[in-house]
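*Asks:* Quick one: the structure is below, and I'll ask about it shortly.
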Amino acid sequence: MSAPSDAQRMEKIVSLCKRRGFIFQSSEIYGGLNGLWDYGPLGVELKRNLKNYWWRVTVHERDDVVGLDGSILTHPAVLKASGHVEGFSDPMIDCRTCKAHLRLDQLVEKKGIKQCPSCGGKDLTEARQFNLMFETHVGAAADESSIAYLRPETAQSIFVQFKNVLEVSRKKLPFGIAQIGKAFRNEINPRNFTFRSREFEQMELEYFCRPEQGMELLEYWREERLKFYESIGISCANLHVRNVPDEERAFYSKGTYDIEYDFPFGRHELEGVAYRTDYDLSQHQKASGKSLEYFDEETKEKLIPHVVEPSAGVDRTLLALICEGYAEDQAPNDKGEMETRTVLRFHPRIAPIKCAIFPLLKNKEPLVVKAKEIVQLLRPHMTVFYDESGAIGRRYRRQDEIGTPFGVTVDFETLGERDAALRDTVTLRDRDSMKQKRVAIKDLVETLTPRIR
């Protein structure tokens, strides 16, 4: 069987996401809202597993990182000090032929002439700046005094709360403040499914340090982040580190790495790891008039810490996990005939459902009763799914397609009807190899727990 092209592969992934309840178009019954997505029953579990694991690795397993959950509505003074109010914009072009709104960098060039990528039109407007922030009003009055913004990134709440967190956590440099939360950007042209959206979620760490530690910690966090992606099942062969050149970096950055992934629609950024120097804390100290200095007890020195920022997109990482896991292979059906099997090869720690439980026949009450007992046995330890509908082969295929790594089948051997020695054992099936083995019911938790954690 020939492999699908990248475009075909992406179409199949998008179709699967809707069909199996991972991701839906927001407000679909009203025609949809461009650049906004809703996560269905499986998508929300996959997303939660990703965020929980990032938090565990970044915060719970370290002594030098604490957490924060800042508000989404942001005081305009915060974003003015950070430079977002004046400078957070993209150059926008309109195509007069097809009426498309485009970012300047989306134009294609043929024979030295810039053209619209949608229709090939050459009748384009002049570039103009388009502010990406969503503006709103707080309170009853809708005037300049009530303006607030939906935050365009989660980082700024960490910087403005730096002194409060420092005082209550009693951390010494170097230490970090982590946050997972929503951010909003009024993208000119959302595209590539959930990759570029107007509402998205970030997993962000601001790691504060002394100035002389900045470049060393930039290298350290680059390697830590690569380890993280491999630990959730993304192959290092599909990950690439791009050293962002001076002319592309923010003016305050002394070094930035982009960690990129090979999506079916091209190589694009998953995460940025940036050495932001002391720019943010200095700006907020200057604008607020409040000290954001750190006092070193050992040297009796006051300084404004520098910061290294690993900033990852939850939605982009989730999309990378789905793209990475998506595969088609050949497997026998109930009649022994080979057919195409669609499978999501999620790492067990990330998979939305860890184990599916099947009674071989739904009209055989002892099988159903025993299967439901196993559901209750496993449920405190992992997310499980009970399925009694259809032929057992079809049930396996449904679980393969949503990435469930293990399946437990309760059959007549479980009841001891054919061999007393097999009483209270079940068939444990592995998603990737499709191999099966007999396991005692009492050993299921002990067998599965290490493999999913």
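*Asks:* Quick one: which residue in 405, 380 is touching a strand residue (DSSP E or B) at 6+ places or on another chain (Cβ under 9 Å) and of a type outside the set (Val, Ile, Thr)?
*Replies:* Unique residue meeting the criteria: 405.
*Asks:* Sticking with this structure for a sec: What residue, of 267, 222, is open to solvent by 40 Å² or more (accessible area, probe 1.4 Å) and modelled with pLDDT under 95? Show your work before the answer.
*Replies:* Working: 222 fails: modelled with pLDDT under 95.
One residue alone meets the criteria, 267.
*Asks:* OK, next. Are there any pairs with C-beta distances below 8 angstrom linking a residue in the range 11-26 that is in contact (Cβ under 8 Å) with a residue 12 or more places away in the chain and farther than 14 Å from residue 319 by Cβ to a residue that is surrounded by 15 or more Cβ atoms within 10 Å (Cβ to Cβ) and acidic (Asp, Glu), with the two at least 6 apart or on different chains, and if so which?
*Replies:* Correct list of pairs: 20/401.
*Asks:* Modelled with pLDDT of 95 or more, surrounded by fewer than 21 Cβ atoms within 10 Å (Cβ to Cβ), in contact with a strand residue (DSSP E or B) (Cβ under 8 Å, 6 or more places away or on another chain) and among the small types (Gly, Ala, Ser): which single residue out of 176, 181 fits that description? Can you show your working first?
*Replies:* Numbers: 176 fails: surrounded by fewer than 21 Cβ atoms within 10 Å (Cβ to Cβ).
Criteria check complete, one pass: 181.
*Asks:* Pull up the range 143-161, narrow it to residues that are in contact with a Leu (Cβ under 7 Å, 6 or more places away or on another chain) and in a loop (DSSP other than H, G, I, E, B), then point me to the one that is modelled with the lowest pLDDT.
*Replies:* This residue is 152.
*Asks:* Which of (1) out of contact with any Pro (no Cβ under 8 Å at 6 or more places or on another chain); (2) open to solvent by 70 Å² or more (accessible area, probe 1.4 Å) does residue 407 not meet, given it meets every other one?
*Replies:* Residue 407 satisfies every listed condition except (2).
*Asks:* Of the residues that sit in the range 295-321 and are among the polar types (S, T, N, Q) and outside any loop (DSSP other than H, G, I, E, B), which one is least open to solvent (accessible area, probe 1.4 Å)? Give the steps one after another, and end with the answer.
*Replies:* Let us first name the residues in the range 295-321 that are among the polar types (S, T, N, Q), namely 299, 311, 317.
Filter once more, keeping what is outside any loop (DSSP other than H, G, I, E, B): 311, 317.
On the way: 311: 22, 317: 0 Å².
Step by step, filter the range 295-321, then rank; the result is 317.
*Asks:* Go through the range 368-415 residue by residue and tally those that are among the small types (Gly, Ala, Ser) and touching a Ser or Thr at 6+ places or on another chain (Cβ under 9 Å). Talk me through it step by step, then tell me what you get.
*Replies:* Applying the first criterion (among the small types (Gly, Ala, Ser)) to the range 368-415 yields 371, 389-391, 393, 403, 407.
Right, trim to touching a Ser or Thr at 6+ places or on another chain (Cβ under 9 Å) and you get 371, 407.
Of the residues in that region, 2 qualify.
Results for (1) among the aromatic types (Phe, Trp, Tyr); (2) touching a Ser or Thr at 6+ places or on another chain (Cβ under 6 Å), shown as yes or no for each residue.
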position: 159; (1), (2): yes, no
position: 190; (1), (2): no, yes
position: 197; (1), (2): no, no
position: 208; (1), (2): yes, no
position: 216; (1), (2): no, no
position: 219; (1), (2): no, no
position: 237; (1), (2): no, no
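*Asks:* Before we move on, is residue 86 of a type outside the set (A, V, I, L, M, F, W, C) and surrounded by 18 or more Cβ atoms within 10 Å (Cβ to Cβ)?
*Replies:* Values: of a type outside the set (A, V, I, L, M, F, W, C): yes; surrounded by 18 or more Cβ atoms within 10 Å (Cβ to Cβ): no.
No; evaluated as a whole, the condition is false for this residue.
*Asks:* Right, another one. Select from the range 410-453 the residues that are hydroxyl-bearing (Ser, Thr, Tyr) and surrounded by 13 or more Cβ atoms within 10 Å (Cβ to Cβ) and write down the one among them that is modelled with the lowest pLDDT.
*Replies:* Let us first name the residues in the range 410-453 that are hydroxyl-bearing (Ser, Thr, Tyr), namely 414, 425, 427, 433, 447, 449.
Those still in the list that are surrounded by 13 or more Cβ atoms within 10 Å (Cβ to Cβ) too: 414, 425, 427, 447, 449.
On the way: 414: 88, 425: 93, 427: 95, 447: 95, 449: 95.
Among them, the one singled out is 414.
*Asks:* Identify all residues within the range 89-104 that are open to solvent by 80 Å² or more (accessible area, probe 1.4 Å) and in contact (Cβ under 8 Å) with a residue 12 or more places away in the chain; write none if there are none. Show your work before the answer.
*Replies:* First, pick out the residues of the range 89-104 that are open to solvent by 80 Å² or more (accessible area, probe 1.4 Å): 96-97, 99, 101.
Listed by number, the residues that qualify are 96, 97, 101.
*Asks:* Further, regarding this structure: So, residue 327, is that one open to solvent by 10 Å² or more (accessible area, probe 1.4 Å), of a type in the set (A, V, I, L, M, F, W, C), more than 20 Å from residue 171 (Cβ to Cβ) and part of a strand (DSSP E or B) or not? Please lay out each step first, then the result.
*Replies:* Numbers: open to solvent by 10 Å² or more (accessible area, probe 1.4 Å): yes; of a type in the set (A, V, I, L, M, F, W, C): yes; more than 20 Å from residue 171 (Cβ to Cβ): yes; part of a strand (DSSP E or B): yes.
So residue 327 passes the test.
*Asks:* Return the residue satisfying two criteria in turn: it lies in the range 113-136 and is open to solvent by 60 Å² or more (accessible area, probe 1.4 Å), modelled with pLDDT of 75 or more and not hydrophobic (A, V, I, L, M, F, W, C), and of such residues it is nearest to residue 151 (Cα to Cα).
*Replies:* Taking the candidates together, the pick is 135.
*Asks:* Now for a different question. Take the residues of the range 277-294 that are of a type in the set (S, T, N, Q) and surrounded by 13 or more Cβ atoms within 10 Å (Cβ to Cβ): which is nearest to the chain's Cα centre (by Cα)?
*Replies:* Keep residues of the range 277-294 that are of a type in the set (S, T, N, Q), which gives 277, 282-283, 285, 288, 291.
From the residues that got through so far, the ones that are surrounded by 13 or more Cβ atoms within 10 Å (Cβ to Cβ) too are 277, 282-283, 285, 288.
On the way: 277: 26, 282: 31, 283: 30, 285: 32, 288: 34 Å.
Per the stated criteria, the residue is 277.
*Asks:* Identify, by number, the condition in (1) out of contact with any Cys (no Cβ under 7 Å at 6 or more places or on another chain); (2) of a type outside the set (S, T, N, Q); (3) within 30 Å of residue 59 (Cα to Cα); (4) buried (at least 17 other Cβ atoms within 10 Å of the Cβ) that residue 168 doesn't meet.
*Replies:* Only one criterion is unmet by residue 168, namely (4).
*Asks:* Within the range 348-370, count every residue that is at pLDDT 95 or above, touching a Leu at 6+ places or on another chain (Cβ under 9 Å) and either open to solvent by 70 Å² or more (accessible area, probe 1.4 Å) or among the small types (Gly, Ala, Ser) (or both).
*Replies:* Count: 1.
*Asks:* Looking at the range 162-173, can you tell me whether even one residue there is modelled with pLDDT of 90 or more, in contact with an Asp or Glu (Cβ under 6 Å, 6 or more places away or on another chain) and not in a loop (DSSP other than H, G, I, E, B)? So that I can check it myself, show each step before the final result.
*Replies:* Applying the first criterion (modelled with pLDDT of 90 or more) to the range 162-173 yields 162-169, 171-173.
Narrowing the set further to residues that are in contact with an Asp or Glu (Cβ under 6 Å, 6 or more places away or on another chain) leaves none.
No.
This table checks each residue for (1) within 20 Å of residue 46 (Cα to Cα); (2) not aromatic (Phe, Trp, Tyr).
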site: 371; (1), (2): no, yes
site: 378; (1), (2): yes, yes
site: 386; (1), (2): yes, no
site: 393; (1), (2): no, yes
site: 400; (1), (2): yes, yes
site: 403; (1), (2): yes, yes
site: 422; (1), (2): no, yes
site: 449; (1), (2): yes, yes
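The values are calculated or read from the model by the stated rules, or taken from the named source; none is laboratory data. This one's a predicted model, so the numbers in the text were calculated from it and none came from an experiment. Cβ coordinates were reconstructed from backbone atoms using ideal geometry, including for glycine residues, and neighbour counts include every protein chain displayed. Only protein heavy atoms, including side chains, enter the accessible area calculation; ligands, DNA and RNA are left aside. Shrake-Rupley method; radii C 1.70, N 1.55, O 1.52, S 1.80 Å.
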